[in-house]
Amino acid sequence: MASCMQPSHPGDSSGNGVTIGASDWAPPFGTPITITDFLATGTFTGSALSLSEWDATLYGGKAKGTARISWNSGWRATSQFEFVRIVTEDILAAFTKTAKASGKASGKAAFSARSGSLHTLLDNPTLQASFLVEKGNLDGVDLVRALQVGSAGSQGGSTKFQELNGDVTISNGRFSYKNVNLNAGILSANSNFDIATNQAVTG
């Protein structure tokens, strides 16, 4: 792992300019996300770090956005970003062991986390995203069977698809999917459903 954080220009009343770079970096706390390359610019004050731009390579894809970490009253992290061609199975594994999907994902997302300690800041983050996943497999829910026998039959199994898009909220190990549109060859489906921490499906 290599990383650096350095001033980019002299400070003023709005804060000190900083540049942050890292490669093969796994944050030493919270969700074990591994970042292949990371570069960000922003400003640093006595109670916050604001990144006006960041770019990252991770899990076979790219992401870029803005972020802010503050610690004036507890720790808080927020970020808005876009991502392209992320390997879905790998990134999901960093958040949960119960929900699995494959395919390449692109979209937009907002991330937030709060904690009284830096070391627990990323333990229970909330992620809201609009996504498009191409040529993949959704484990834990058999939507074809659900259409045949009702929602009770959707638990377990898997659904192969050509395209899957919608909105998802990930919080406390629970996945809430809204406005999901799935194209699986002969099957086209629209759905709202939740996958709980024990992988039970409702919706």
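Name every residue in segment 159-203 that is of a type in the set (Asp, Glu) and under 16 Å from the mean Cα position of the chain (by Cα), in order of residue number.
167
For segment 167-183, give me each residue that is farther than 11 Å from residue 128 by Cα and surrounded by 17 or more Cβ atoms within 10 Å (Cβ to Cβ).
Matches in segment 167-183: 180, 182.
Output the residue which, of all residues in segment 133-181 that are under 22 Å from residue 60 (Cα atoms), touching a Ser or Thr at 6+ places or on another chain (Cβ under 8 Å) and aliphatic (A, V, I, L, M), is modelled with the lowest pLDDT.
Looking at residues that are under 22 Å from residue 60 (Cα atoms), touching a Ser or Thr at 6+ places or on another chain (Cβ under 8 Å) and aliphatic (A, V, I, L, M), I get 138.
Hey, can you tell me all the residues within segment 109-142 that are outside any strand (DSSP E or B) and within 16 Å of residue 168 (Cβ to Cβ)?
125
As an exercise: evaluate residue 73 against (1) exposed (fewer than 15 other Cβ atoms within 10 Å of the Cβ); (2) within 21 Å of residue 22 (Cβ to Cβ); (3) without any contact (Cβ under 8 Å) to a residue 24 or more places away in the chain and give the number of the one condition it does not meet.
Unmet condition: (2).
Could you list, ordered by first residue, the pairs with Cβ atoms under 6 Å in which the first is in segment 99-116 and touching a residue at least 12 places away in the same chain (Cβ under 8 Å) and the second is assigned to a loop (DSSP other than H, G, I, E, B) and hydrophobic (A, V, I, L, M, F, W, C), at least 6 apart or interchain?
Every condition considered, the pairs that remain are 113/121; 113/122; 115/121.
Could you grab me the full set of residues in segment 183-197 that are without any contact (Cβ under 8 Å) to a residue 24 or more places away in the chain and touching an Asp or Glu at 6+ places or on another chain (Cβ under 9 Å)?
183
Mind listing just one residue for me: the one in segment 61-109 that is among the charged types (D, E, K, R) and within 24 Å of residue 198 (Cβ to Cβ) and, of those, modelled with the lowest pLDDT?
Across segment 61-109, the extreme among qualifying residues is 97.
The values are calculated or read from the model by the stated rules, or taken from the named source; none is laboratory data. Just so we're clear, the structure is a prediction, and the values are computed from it rather than from any experiment. Cβ atoms come from the backbone with ideal geometry, glycine included; neighbour counts cover every protein chain shown.
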